[in-house]
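Scroll down for the structure; my scribbles are underneath it.
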Amino acid sequence: MPQPSTLDLGPAAARDAASVDERPILQVRNLNKRFGDGCARCLAPNADFPGNRCPQCGAVMACIDMNFDLYPGEILGVVGESGSGKSTMVRSLYFDEEATSGEMLISTYKNGESNLLTESAQQKRYIRNHVMGMVYQNPYLGLRMSYSSSGNIAEKLFAADRFHVGRIRERAMELLGRVEIPLNRMDEAPKRFSGGMQQRVQISKALANNPPLLLLDEVTTGLDLSVQARVLDLIRSLRRELKVAMIVVSHDLGVIRMLADRTMVLRQGRIIEMGLTDQILEDPQHAYTQLLVHSLL
């Protein structure tokens with residue numbers, strides 16, 4: 001996919017295009033995720049039927065032949081109605097769900113030449129602990145609520161074979177300070193924190209090993225507006241300071257407008273439109289995108 005020029009980026013694009021590597025950090029090709037065994041009809045090449053549920057066997061095609069790239073330091077927004085496949089896509093990329101088929105390449109892993117989706121379970125654990133970070137909509141999925149906040153970060157570092165207690169403690173203090181968690185509360189359990197603080201602890205844990213890629217799934221849903229604003233400001237500052245690439249899933253187009261350089265629109269498991277965020281929100285081409293944008297204005 002060609003790199004857009006600086007003039008094409010528009011005011012919503014926060015990245016410095018001149019500093020972005022031409023090579024994608026992430027390449028996804030023909031990603032498919034099916035729930036159900038499938039049958040001759042839905043497993044046939046180029047199978048086509050209304051919606052994403054097979055009328056013959058009932059299998060659900062949550063992701064259908066998804067293709068996209070993500071560049072270093074870029075934020076890619078993902079939008080679509082409930083059930084469009086947004087969360088299933090990022091959970092498949094993070095190996096929470098096993099993709100049915102497809103290819104996923106990350107340039108910092110084996111020089112971008114190995115399909116991560118076909119790696120062994122051991123290698124997938126390595127990738128989750130070194131190459132990617134995940135922030136879930138529900139903090140209970142990303143944190144051990146009975147551990148301390150610093151203990152959650154230590155768990156991530158232990159998984160990456162970092163065992164020096166003093167350095168782990170220093171790293172926890174650095175990360176929690178960055179996300180504005182008071183250091184006098186770093187040894188408290190996240191279950192005693194507000195929702196916004198829990199999300200910030202999740203973000204600090206995801207960043208523990210300096211991954212080049214961060215996946216964020218509806219991280220502001222259910223938060224008060226003032227708390228949402230602080231979380232969004234944090235995400236923007238992390239991208240600016242750390243140059244980490246992100247995929248941000250949200251149903252809130254205001255969040256996407258604020259964060260994303262490019263936006264991908266999903267419907268019934270398919271990518272139906274993709275482009276610069278300003279272009280998608282100001283001049284949507286697909287009829288569904290037009291309906292989505294206009295209904296949320």
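The values are calculated or read from the model by the stated rules, or taken from the named source; none is laboratory data. Just so it is clear, the model here is predicted, and its values are computed rather than measured. Note: ideal-geometry Cβ built from the backbone for every residue, glycine included; neighbour counts use all protein chains shown.
Values computed for the structure shown
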quantity: Subset of region 272-297 that is buried (at least 21 other Cβ atoms within 10 Å of the Cβ) and in contact with an Asp or Glu (Cβ under 9 Å, 6 or more places away or on another chain) - its residue that is modelled with the lowest pLDDT; calculated: Leu292
quantity: Residues of region 163-173 satisfying the condition of being exposed (fewer than 14 other Cβ atoms within 10 Å of the Cβ) and in a helix (DSSP H, G or I); calculated: Val165, Gly166, Arg167, Glu170
quantity: Residue within region 60-72 that is more than 28 Å from Asp261 (Cβ to Cβ), at pLDDT below 95 and assigned to a loop (DSSP other than H, G, I, E, B) present; calculated: no
quantity: Subset tally (residues that are acidic (Asp, Glu), within 19 Å of Gln123 (Cβ to Cβ) and either crowded, with 17+ Cβ neighbours inside 10 Å or in contact with a helix residue (DSSP H, G or I) (Cβ under 6 Å, 6 or more places away or on another chain) (or both)) for region 51-100; calculated: 1
quantity: Total residues in region 214-255, condition acidic (Asp, Glu) and either within 21 Å of Leu266 (Cβ to Cβ) or not assigned by TED's automatic domain parsing to the domain that holds Leu276 (or both); calculated: 3
quantity: Residues (among the hydrophobic types (A, V, I, L, M, F, W, C) and either surrounded by 15 or more Cβ atoms within 10 Å (Cβ to Cβ) or modelled with pLDDT under 90 (or both)) located in region 146-162; calculated: Ile153, Ala154, Leu157, Ala159, Ala160
quantity: Residue in region 32-52 that is closer than 30 Å to Leu242 by Cβ, charged (D, E, K, R) and not in a loop (DSSP other than H, G, I, E, B) present; calculated: yes
quantity: Any hit, region 175-190, residues being out of contact with any Pro (no Cβ under 6 Å at 6 or more places or on another chain), of a type in the set (S, T, N, Q) and outside the structural domain of His251 (by TED's automatic domain parsing); calculated: yes
quantity: Selection within region 70-95 - over 21 Å from Val244 (Cα atoms) and in contact with a Leu (Cβ under 9 Å, 6 or more places away or on another chain); calculated: Gly80, Glu81, Ser84, Gly85
quantity: Positions within region 219-235 being within 14 Å of Leu76 (Cα to Cα) and either surrounded by fewer than 20 Cβ atoms within 10 Å (Cβ to Cβ) or more than 13 Å from the chain's Cα centre (by Cα) (or both), in sequence order; calculated: none
quantity: Search result, residues across region 83-137 that are assigned to a helix (DSSP H, G or I), under 14 Å from Leu26 (Cα atoms) and aliphatic (A, V, I, L, M); calculated: Met89, Val90, Leu93, Leu116, Leu117, Ile127
quantity: Hits in region 101-129 (condition: touching a strand residue (DSSP E or B) at 6+ places or on another chain (Cβ under 7 Å), surrounded by 18 or more Cβ atoms within 10 Å (Cβ to Cβ) and farther than 18 Å from Ala206 by Cα); calculated: Gly102, Met104, Leu105, Leu116, Leu117
quantity: Residue count for region 202-218, restricted to those that are buried (at least 22 other Cβ atoms within 10 Å of the Cβ) and acidic (Asp, Glu); calculated: 1
